[in-house]
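The values are calculated or read from the model by the stated rules, or taken from the named source; none is laboratory data. Keep in mind the model is a prediction, meaning the values are calculated, not measured. As a convention, Cβ positions derive from the backbone with ideal geometry for all residues, glycine included, and neighbour counts pool all protein chains shown.
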Amino acid sequence: MKTPLELKYSKSHEWVKITGEHECEVGITDYAQDSLGDLVFVNLPEIDADAVKDEAICDVESVKAVSDIFSPVSGKVAEVNEELLDAPEKINEDPYGAWLFRLTDVEDFEGLLSAEEYEKVVEEEAH
Amino acid sequence: MKTVFERSVPGRHCTILPACDVPERKPEETRTAPLRLPELSETDLSRHYTELAGQTFGVNDGFYPLGSCTMKYNPKINEEIAGLEGFAKIHPTQENAQGCLKAIYLAEKYFTEITGMDAMTFEPAAGAHGELTGLMLIKRYHELTGHPERNEIIVPDTAHGTNPASSSMCGFKVINIASAEDGCVDLEKLEAVCGEHTAGLMLTNPNTLGIFDKNILDITRIVHKAGGLCYYDGANLNPVMGIARPGDMGFDCIHLNLHKSFSTPHGGGGPGSGPVGCKALLADYLPGRRVVKDGDVYRYTEEKPESIGKVRSFHGNFLVMIKALTYVLTLGKEGIPEVAKNAVLNANYIKSLLEDTYDVFRKGTCMHEFVLTLERLKKETGVSALDVAKALQDYDMHPPTMYFPINVHEALMIEPTETESKETLDKAAAAYLEIYRKAYEDPEYLHNAPHRSPIGRPDEVGAARHPKVKYDFEG
Amino acid sequence: MGSYIPSTEQQRKEMLEKAGFSSFDELYADVPAEVKLAKELHLPSGKSELEVSRFMRALAEDNKVYRSVFRGAGAYSHYIPAIVKSVVSKEEFVTAYTPYQAEISQGVLQSIFEYQTMICELTGMDVSNASVYDGAVAAAEATVMCRNPKNNTIYISKAVHPDTMKVVKTYAWANGREVVEIPLKDGKTDARFLEGKSGACVLIAQPNYYGLIEDAKEIGEITHNANMKYILAVEPFAACVLPSAREYGADIAVGEGQPLGMPVSYGGPYLGFMAATDKMMRQLPGRIVGETTDHDGRKAYVLTLQAREQHIRREKASSNICSNEALCAMTASVYLSAMGPKGMKEAASQCYAKAHYLADELEKAGYPRKYAGDFFMEFVTECEDPKALLEKLDRKGILGGEIVDKGILWCATELNTKEEMDELVREVQK
């Protein structure tokens, strides 16, 4: 399982790439894609939607399940990765390349986990 | 297998219509898009569907213990009666239809008696449609009694997926509650979520684990005390009909699945029929018109102003109701409990043949169905519930319901129904036991099952990622 | 009494014993005594097959079967080729459940795939579902597909089938959406009413309830200019000769499929068809069959896009639909295959020609048409005392049209011969 050191993480298995003072990119972790199995569709959020920390913002579908994606920080949806609509497999193939949405107006990035902390969360969950 | 479009040969046709006997006329504006329907001779067409039928497994092909679906035998007399011209050729708005009205009147009388309700509508065309209709009655009740703030429906986690989906569609907020250890409603949790926003509770009893909730009277009492109403999902009525009635358990409205307990066929997914019954306090809100008897004449009442309005055109799936009525007349007051008891007996019997080998999710007496959990088997052999289900196909029987209810891991849900014989159950149990042994000897064989069907396991991921949902004429 | 239970008394005893019970009563130990029925159900005693058959046949005989039918109004009499009934009576199709186990359900899955293709051909749309309960519910579900958090208003033409109007209103009430009726002008939807309006969607029927052919293209353009979705309820025969729903600009096409090989059956079972543009595929409710391959590369059909549906998405599903009308969908496929493209166009043309012949003859007999526009196979005539007229026809074994707005809504299909129509006109001659 990969956990790039330069990213931040949430307990609900999203990764956050901080791209500016109030901006970031969000995707799901390698662990998340592996436990969800082959993804077949992603319901992306609406542009301009308000993202609220720890609240469901969109979802991903496998053949027999739907899983909510929680926003790791609060902000506003600025952009969504429409490429994934036709190629959801990219999330399985390259979870850290396949960002889901970009947020602006992010007040703070408090409470996010480091790679090391996130790995511990995963380890605990696996037991 | 070729599709009907690949069998098509330009210029081929069946001879159906005579030439037009009035002068030809054409609409002012006409279609320019192509109309690529198949062009076939009757031989081509007939053989095409015979081939398709050969790749379809129905109740008449063998044991079909699909949990919560009550796949009982579909009596032939029901089909014959529904096909009579005196029903099939009757226009839904024609006046001269006393036989249809009497059928509806009798069906309402008999099905309300079986369920302990006061009134019933036959408009809903399926179980989920019935749920939606029943929830609308509840919504209307709270609206008209001055409690529009009651907007929450409580649904236990063992419920069919349609329960929460119907609630949402009816504008309710769904309050999910986890079941107690024994698979029944957790009374404390129920009490905790009941309150001034409670519109009602939706419950299947016996539940999807095949357990009759012994606290049923407490459950309905708690909900009523909080000001809510109780909805009975009739999907699992088969094992209790003639034994106990939802009305006597404290339920205010119910739906029936005529295509489950009342023997009408499933047709590969429909048509079904989901009549909704209710107690008197909800009767004025029922959709459409009801049939009453004036002397010897049957007539429709006017639609009530309080009614929720119609949920389907005309009178619902009328011919399905005719089949169910035929069935109830055949069974009568003696046959209905007889069916229930034997459905329960068959389930407990096959359970007793399996429970020393497989893990039953909840031990003890079951009603019409029971749930196996294959978690241990999967840990020890890698063989999953899916593998076992697929392997069963090689024994000329339909697999049970898989991965449901959602609170049980590696679940297989078995409902044999009363129309299967002891010999069939013995044979089925032997197949389950043989597959269990194979799981330890040759798990790979099971991972690749089925081995005798026309196709192997399909690539569902590919199908969902890149949907191809119609024939490609250019391809 | 019949109960279709095969086990003998002796076998029941053996089974009870093996399962660890001494009596049937013990099986119901969990059922509290207070809810157990103390006495028998108040129902008649069970009967033999012969008795039941006699009873039900007597009921059927209490209904009048007309030798000549001139009524449509949502339930249409067409000729049903013999092959249709023969195919859909095959036990495998009749007694199968929803094809969740693809390996042993390829037949039913392929038949739905073929049905979806035919519905797409009829409507010109990209994707069809496996059917819903009827045309009215199809229309209501289509309005649900168009839910728009910013403005949920639904505009419906007053000239849709009255039951469609009622069902859409019921569904809209249940989840808090507003319905606005679009007024009529000369029996047709008044397109100008929509100018400057905003909302979620517009729903009209083509042809409309009065049989009139709407200016569906113009209404579509106004709808799209206002950023609303366009739902067209189409009649399947008319769809074969009039421009397709796609050509009219529809985002969603729905309709009642009963005319495609199903008898009128006092209202059901019928068939709701629904098709949409690719863009709206994910919003389509109900089951959808897709083509894929198995692990050996063989062509295979499966239920797909299931994560949209209630059994997975539960309270977050956009629709609760589970059962559909699969056997009716198969009926429609067999019917459309037996008729073929030429047969469907021929039947549609005959409906059109015969309805126009009948309208002309009725006009000569003193029943002028109420609305002037072009119509398909139904039309409304003036009539001072429609009830008396229908009773008169009834005595001759003729089912006359439906009473609407102090007039009569007549219908003629390929089934009505010239002689029948001439007879009808003679009977009503003033």
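Some notes on this structure:
- Here B:Tyr64 passes the criteria (1) part of a loop (DSSP other than H, G, I, E, B); (2) surrounded by fewer than 19 Cβ atoms within 10 Å (Cβ to Cβ) except the one numbered (2).
- Scanning segment B:21-59 for residues that are buried (at least 18 other Cβ atoms within 10 Å of the Cβ), within 23 Å of C:Tyr352 (Cα to Cα) and among the hydrophobic types (A, V, I, L, M, F, W, C) turns up B:Val22, B:Leu35, B:Leu37.
- A residue that is at the interface with another protein chain (Cβ under 7 Å from one of its Cβ atoms) and outside any loop (DSSP other than H, G, I, E, B) cannot be found anywhere in segment B:9-30.
- Residue match in segment B:47-57 (condition: within 7 Å of chain C (Cβ to nearest Cβ), closer than 30 Å to B:Leu412 by Cβ and in contact with an Asp or Glu (Cβ under 6 Å, 6 or more places away or on another chain)): yes
- Those helices (runs of 4 or more DSSP H) of segment A:1-94 in which 2 or more residues are under 24 Å from C:Met281 (Cα atoms) and among the acidic types (Asp, Glu) occupy A:83-86.
- Residues that are within 15 Å of B:Gly83 (Cα to Cα) and more than 7 Å from every other protein chain (Cβ to nearest Cβ) number at least 2 in the following helices (runs of 4 or more DSSP H) confined to segment C:47-110: C:49-61, C:82-88.
- For segment C:233-261, filtering for residues that are more than 9 Å from every other protein chain (Cβ to nearest Cβ) and either assigned to a loop (DSSP other than H, G, I, E, B) or aromatic (Phe, Trp, Tyr) (or both) leaves 12.
- Filter result (free of Cβ contacts under 8 Å to residues at least 24 places away in the same chain and small (Gly, Ala, Ser)) within segment C:373-430: C:Ala388
- Count of segment C:334-374 residues which are within 29 Å of C:Thr189 (Cα to Cα), of a type in the set (Gly, Ala, Ser) and not in a loop (DSSP other than H, G, I, E, B): 6
- Residues (crowded, with 24+ Cβ neighbours inside 10 Å, outside any helix (DSSP H, G or I) and more than 9 Å from every other protein chain (Cβ to nearest Cβ)) located in segment B:89-121: B:Met117, B:Met120, B:Thr121
- Enumeration of residues in segment B:406-432 that are hydrophobic (A, V, I, L, M, F, W, C) and surrounded by 15 or more Cβ atoms within 10 Å (Cβ to Cβ): B:Ile406, B:Val408, B:Ala411, B:Leu412, B:Met413, B:Ile414, B:Leu425, B:Ala428, B:Ala429, B:Ala431
- Where C:Arg282 falls short, out of the listed (1) surrounded by fewer than 21 Cβ atoms within 10 Å (Cβ to Cβ); (2) more than 23 Å from C:Val168 (Cα to Cα): (2)
- For B:Thr204, the conditions (1) of a type in the set (S, T, N, Q); (2) without any contact (Cβ under 8 Å) to a residue 24 or more places away in the chain; (3) away from chain C (no Cβ under 13 Å) all hold with the exception of (2).
- In summary, B:Ala180 fulfils each of the numbered conditions (1) among the small types (Gly, Ala, Ser); (2) in contact (Cβ under 8 Å) with a residue 12 or more places away in the chain; (3) out of contact with any Lys or Arg (no Cβ under 6 Å at 6 or more places or on another chain) with the single exception of condition (2).
- In the set (1) free of Cβ contacts under 8 Å to residues at least 40 places away in the same chain; (2) over 22 Å from the mean Cα position of the chain (by Cα), B:Asn60 fails one condition alone, (2).
- B:Ile211 vs. criteria within 22 Å of B:Leu281 (Cβ to Cβ), crowded, with 23+ Cβ neighbours inside 10 Å and of a type in the set (A, V, I, L, M, F, W, C): no
- Annotation note: of B:Arg140, B:Arg150, the sole residue that is modelled with pLDDT of 95 or more, out of contact with any His (no Cβ under 6 Å at 6 or more places or on another chain), farther than 18 Å from C:Pro269 by Cβ and not aromatic (Phe, Trp, Tyr) is B:Arg140.
- Restricted to helices (runs of 4 or more DSSP H) entirely inside segment B:412-472, those with at least 1 residues that are touching a strand residue (DSSP E or B) at 6+ places or on another chain (Cβ under 9 Å) are B:422-441, B:460-465.
- Taking the criterion of being under 20 Å from B:Ser179 (Cβ atoms), among the charged types (D, E, K, R) and either within 11 Å of another protein chain (Cβ to nearest Cβ) or in a loop (DSSP other than H, G, I, E, B) (or both), the residues of segment B:360-395 that qualify are B:Arg362, B:Lys363, B:Glu369.
- Residue within segment A:36-53 that is among the charged types (D, E, K, R), in contact with a Ser or Thr (Cβ under 7 Å, 6 or more places away or on another chain), closer than 18 Å to C:Ala307 by Cα and surrounded by 14 or more Cβ atoms within 10 Å (Cβ to Cβ) present: yes
- Residue in segment B:336-359 that is more than 21 Å from the chain's Cα centre (by Cα), part of a strand (DSSP E or B) and surrounded by fewer than 23 Cβ atoms within 10 Å (Cβ to Cβ) present: yes
- Qualifying residue in segment B:278-292 (condition: surrounded by fewer than 23 Cβ atoms within 10 Å (Cβ to Cβ), modelled with pLDDT under 95 and either touching a Cys at 6+ places or on another chain (Cβ under 8 Å) or in a loop (DSSP other than H, G, I, E, B) (or both)): yes
- Screening B:Ser179 with (1) in a helix (DSSP H, G or I); (2) farther than 30 Å from B:His315 by Cα gives one miss only, at (1).
- Sole residue being under 19 Å from B:Glu460 (Cβ atoms), free of Cβ contacts under 8 Å to residues at least 12 places away in the same chain and touching a strand residue (DSSP E or B) at 6+ places or on another chain (Cβ under 6 Å), chosen from C:Arg298, C:Arg313, C:Arg287: C:Arg313
- Extreme residue, nearest to A:Val40 (Cα to Cα), among residues of segment C:290-311 that are facing chain B (nearest Cβ under 7 Å) and among the hydrophobic types (A, V, I, L, M, F, W, C): C:Leu305
- Of the residues examined, C:Met145 is not one that is facing chain B (nearest Cβ under 7 Å) and in contact with a helix residue (DSSP H, G or I) (Cβ under 6 Å, 6 or more places away or on another chain).
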